[in-house]
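Q: Quick one: structure below, then a few questions.
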Amino acid sequence: MAKAEYYYGVHAVESLLELEPERVLTLFTLKGRDDQRLQHILQLAEPFGISVQKASRDSLEKLAGLPFHQGVVAAVRPHPTLNEKDLDQLLDANSQVLLLALDQITDPHNLGACIRTAAAMGVQAVIVPRDRSASLTPTARKVAAGGAEKVKFIQVTNLARTLAHVREQYLLRVVGTMLDEHALPIHQCDLTGGLVVVMGAEDTGIRPITQSQCDQTVYIPMAGQLQSLNVSVATGMALYEAQRQRQLS
């Protein structure tokens, strides 16, 4: 049996119990905590006979790996890692999807925030390269606040090759967010239909090899003196515009 993973934080554990309770092996809760949020978590767990153990703050911190566990940690059966084959299955079922590709986003907090926004904006899958990218760690899951259980997280060997594949095989349009001589203000770009929105790291942006697979580049017009935004904020703005257009079409 594979080694258990540990989810922590109220939102992440609640979402897991609502969507995939069969994966939860044991709940660890803070001794002395008995508030309404914890009672709701225990009520969600009870029908599935999930073991609940009281634990000290130090014990929870060791399980979570961080002190910000909010008094609840779940030992969870690992989810299979999704890859290119899973992406093909998703697109075979429906090619008119909205996907988010993150090019070398290495901060798990930024990854979690992007996934949370993606879930809120109706994205079906978040695609990241397997190397030089943050993975779905407990920290990323906590920041995602339940979004990681609602959006497929797909790790691919070569992001540029995957983008080329979905363009050719499924006729998805790939739109990259960056400021170059060909970039359009994002609201002037058609973001309907089968679409991949590509976001790059704040310091380096989208890599040239990934840029080569973009059908169009776009930028977010800004009134102030700043030239860039935190990647999770920019992701939220880009996905909101995509969802706005899709609802109107």
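Q: Near VAL24, within a Cβ-to-Cβ distance under 14 Å, what is the net charge of the other residues, with Lys and Arg +1 and Asp and Glu -1?
A: -4
Q: Could I ask something else about it? Using θ = phi - 60° and the Karplus form 6.51 cos²θ - 1.76 cosθ + 1.60, what ³J(HN,Hα) does each residue of region 46-59 get, whole Hz, x for Gly and Pro?
A: Values, residue by residue: 4, x, 9, x, 6, 5, 10, 10, 7, 9, 6, 4, 5, 5 Hz.
Q: With only Lys, Arg, Asp and Glu charged, each at its Cβ (+1 for the first two, -1 for the last two), find how big the charge dipole of region 7-97 is about the Cα centre; round to the nearest 20 debye.
A: In debye, rounded to 20, region 7-97 gives about 520.
Q: How large a share of the accessible area of the chain, in percent, is made up of carbon and sulfur atoms when the probe is 1.4 Å and the other protein chains stay in place?
A: C and S atoms contribute 50 percent here.
Q: Please compute, for the alpha-carbon atoms of region 90-192, the extent along each of the three principal axes and give them in descending order in Å.
A: 37, 33, 26
Q: Sort all Cα-Cα distances of region 178-249 into consecutive 10 angstrom bins from zero, then give the percent of pairs in each bin up to the one containing the longest distance.
A: P(r) for region 178-249, in whole percents per bin: 17, 56, 25, 2.
Q: Please give the net charge around PRO78, taking every other residue with its beta carbon less than 12 angstrom from that of PRO78, where Lys and Arg add +1 and Asp and Glu add -1.
A: +1
Q: Quick check: the angle from helix 231-248's long axis to the longest principal axis of the chain, C-alpha only, nearest 10 degrees?
A: Result, in degrees: 70.
Q: Please identify, among GLY176, GLY65, GLY32, the residue showing maximal mean-square fluctuation in a Gaussian network model of the chain using a 10 angstrom Cα cutoff.
A: Comparing GLY176, GLY65, GLY32 in a Gaussian network model of the chain, the most mobile one is GLY32.
Q: Here's a follow-up. Using only Cα atoms and rounding to the nearest 10 degrees, what angle (0 to 90) does helix 84-93 make with the longest principal axis of the chain?
A: With rounding to tens, the tilt is 80 degrees.
Q: Nearest-5 percent of antiparallel DSSP beta bridges in region 5-76?
A: Beta bridges within region 5-76, antiparallel portion: roughly 65 percent.
Q: Still on this structure: Can you spot the lysines whose alpha carbon is less than 16 Å from LYS54's alpha carbon? Ignore those fewer than 8 places along the same chain.
A: By straight Cα distance, LYS54 reaches LYS31, LYS62.
Q: Taking the Cα atoms only, what angle lies between the long axis of helix 36-45 and the longest principal axis of the chain, rounded to 10 degrees?
A: On a 0 to 90 degree scale, this one is about 90.
Q: Given the C-alpha centroids of region 47-113 and region 167-230, what is the distance between them in whole angstrom?
A: Between the Cα centre of region 47-113 and that of region 167-230, the gap is 27 Å.
Q: Additional query: What residues qualify as long-range amide H neighbours of PHE153, i.e. H under 5 Å apart, gap of 5 or more or another chain, H built at 1.01 Å from N?
A: VAL126
Q: A further question follows. Toward the positive end of the charge dipole of region 84-248, about the Cα centre and with charges on Cβ (Lys, Arg +1; Asp, Glu -1), which of SER133, HIS187, THR117 goes farthest?
A: Farthest towards the positive pole: THR117.
Q: Still on this model: Where both residues lie in region 1-123, what percent of DSSP beta bridges are antiparallel, nearest 5?
A: 65 percent
Q: If one computes P(r) from the Cα atoms of region 5-76, what percent of pairs lie at distances over 20 Å?
A: Counting pairs separated by more than 20 Å, the tail of P(r) holds 16 percent.
Q: Still on this structure, please answer the following. Taking springs between alpha-carbon atoms closer than 10 angstrom, which of SER232, SER135, SER56 fluctuates most in the Gaussian network model of the chain?
A: SER56
Q: Skip the ligands, DNA and RNA, and give the accessible area per residue of region 55-157 with a 1.4 Å probe, whole Å².
A: Per-residue value: 43 Å².
Q: Can you work out ³J(HN,Hα) from phi for every residue in region 10-23, in order, using Karplus 6.51 cos²θ - 1.76 cosθ + 1.60 and θ = phi - 60°, giving whole Hz and x for Gly and Pro?
A: So the Karplus estimates, Gly and Pro as x, are 4, 4, 5, 6, 4, 4, 4, 5, 6, 9, 9, x, 5, 8 Hz.
Q: Let me know the whole percent of all Cα-Cα pairs from the chain that are separated by more than 28 Å.
A: 37 percent
The values are calculated or read from the model by the stated rules, or taken from the named source; none is laboratory data. Bear in mind that the values here come from a model prediction, so they are computed numbers and not experimental data. We place every Cβ from the backbone using ideal geometry, glycine too, and count neighbours over all the protein chains shown. Only protein heavy atoms, including side chains, enter the accessible area calculation; ligands, DNA and RNA are left aside. Shrake-Rupley method; radii C 1.70, N 1.55, O 1.52, S 1.80 Å.
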